[in-house]
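The structure appears right after this line, and notes come after that.
Coordinate-derived values only; no laboratory data. Everything quoted here is computed from the prediction, not taken from an experiment. With ideal geometry, Cβ positions are generated from the backbone for all residues, glycine too; neighbour counts draw on all protein chains shown.
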């Protein structure tokens, strides 16, 4: 049985490219964005009492993975990219229907210039991601006590992150202009080391795009140093 589904919203995210996005939601508390609701799902009554929930589930499409197709086995970053597992034992974006599920913190509904938005944080979603469904997170049923995480283990170790005076000043200026806490966002992302497993022994300069800023940082044995934060073309 076939059924066509349409996006009910689009993500506005601090992550404007895939590099730098955390591997799961909730890891980067400073990550903020919004769901722009599309007709006919941009009616306020559809979200009545959603504010009584702290978190929501977002069902979405890995839209930038579609052109690559799907694969029956994958190399999860949790295993250092060295071991293959079955696709359905992973959260790889390369899936038959390219669907993903993410839980994010809900900050409230906002109307702006005739549009309706759901403000969210702690997200792991790329700017422009299509949203297909929204549900409240219900702790008594969605959190399973004693559940096993398989090969997915979160390390408590954090990379040491420092900023050059120029980079710190740029972050401060950007926060004053936009209200966005860019420095804390950069720090939380880098503490979890966004590099692919194959590059984690390399000491060199990297870059990532966050909102409308290009962040350049140096990976060294002792930690990461943010070198510069520069303006890019506005989105």
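Here is how the numbers come out for the structure above:
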| read-out | value |
| --- | --- |
| Contour minus Cα-Cα distance for residue 222 and residue 101 (0.36 nm per residue) | 40.0 nm |
| Gyration tensor verdict on region 120-234 (Cα atoms; rounded if a/c is under 1.5, prolate if a/b is larger than b/c, oblate otherwise) | oblate |
| Ranked packing of 133-141, 83-91, most packed first, by mean Cβ within 10 Å | 83-91, 133-141 |
| Separation of alpha-carbon centers, region 77-122 and region 123-179, rounded to whole Å | 11 |
| Helical contribution to [θ] at 222 nm, DSSP H n ≥ 4, -39,500 (n - 2.57), averaged over the chain, rounded to 500 | -3500 deg cm²/dmol |
| DSSP-defined antiparallel bridges as percent of all bridges, the chain, nearest 5 | 95 |
| Point-to-point label distance, residue 44-residue 115, nm (Cα→Cβ direction, 7 Å offset) | 1.8 |
| Coordinate range along principal axes, alpha carbons of region 9-142, Å, largest first | 47, 34, 25 |
| Separation of the residue 140 and residue 157 label points, Cα + 7 Å toward Cβ, nm | 4.1 |
| Residue 200 versus residue 29: modelled label distance in nm, points set 7 Å from Cα along the beta carbon direction | 2.4 |
